[in-house]
1. Of the heavy-atom accessible surface of the stretch 1-93 (probe 1.4 angstrom), what whole percent is carbon and sulfur?
2. For the stretch 1-93, what is the relative contact order in percent, using Cα pairs closer than 8 Å and at least 6 residues apart in sequence?
3. Given H placed 1.01 Å from N in the peptide plane, which residues other than close sequence neighbours of ALA51 have an amide H under 5 Å from its amide H?
4. Rank these by accessible area, largest first, 1.4 Å probe: LEU50, LEU58, LEU144.
5. Would you mind computing, in nm to one decimal, how far apart the modelled labels at VAL157 and GLU27 are, each placed 7 Å from Cα along Cα→Cβ?
6. Keeping all protein chains in place and using 1.4 angstrom, which order do ARG125, ARG47 fall into by accessible surface area, from largest down?
7. Among CYS90, CYS75, what's the order by accessible area (1.4 angstrom probe), most exposed first?
8. Just grab the label-to-label distance for LEU150 and THR84, each label 7 Å out from Cα along the Cβ direction, in nm (one decimal).
Amino acid sequence: GAGRAARFWPRLAAALARAGVTYDSFESAAPGDVEQLAARAAATGFRRLLAIGGDGTLNELINGILASGVPTADCLVAAAAGGTGNDWACTMAVPDDADRLAACMARAATRPADLGIAEDALGRRSAFHNVAGAGLDTFGQDPLPVDHPLRTLDNVVLTPHIGYVTQENYSRYY
């Protein structure tokens, strides 16, 4: 976010104080820090969590709550736009004005949102809030041979490689 979160934080801290919101704050230093901080915060009783950053920071915060074992529905989560794209903050109309955001936090203003939970083949769970994508681009041979090992996995969805879009392909596969 080119330092946007660091520039926004002093204004938000002052606005939270004016709104009478008490808080503890923690600063991340590296990728993965927010997830660990959020897990610790949720496990010790914090239920209103605010991330100042972008979509990646919010993703870490949500996954930290998930890792804590605290039901995500028990937590109020907000994301102040401090990243590059800020899709979530824009979509959810999170105020970018410090005083308006502090007022929302003070009154615990909420908007329900669905979370997706993905589980990999090893049973590791990961939450996503905005978009998720995964897959393999293509193999050297398309379609895969009938006896290819990927065809035997029950936790893999294979779709045909469609390098071009035509009405015929849409009607065949969708």
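The values are calculated or read from the model by the stated rules, or taken from the named source; none is laboratory data. Keep in mind that this is a model prediction, so the values were computed, not measured. Backbone-built Cβ (ideal geometry, glycine too); neighbour counts: all protein chains shown. Keep in mind that these areas ignore ligands, DNA and RNA; they rest on the heavy atoms of the full protein, side chains included. Shrake-Rupley method; radii C 1.70, N 1.55, O 1.52, S 1.80 Å.
1. In the stretch 1-93, the share of accessible area belonging to carbon and sulfur is 52 percent.
2. 34
3. ALA78, ALA79, ALA80
4. Most to least solvent-accessible, the answer reads LEU50, LEU144, LEU58.
5. Modelled inter-label distance: 4.3 nm.
6. ARG125, ARG47
7. CYS90, CYS75
8. 2.8
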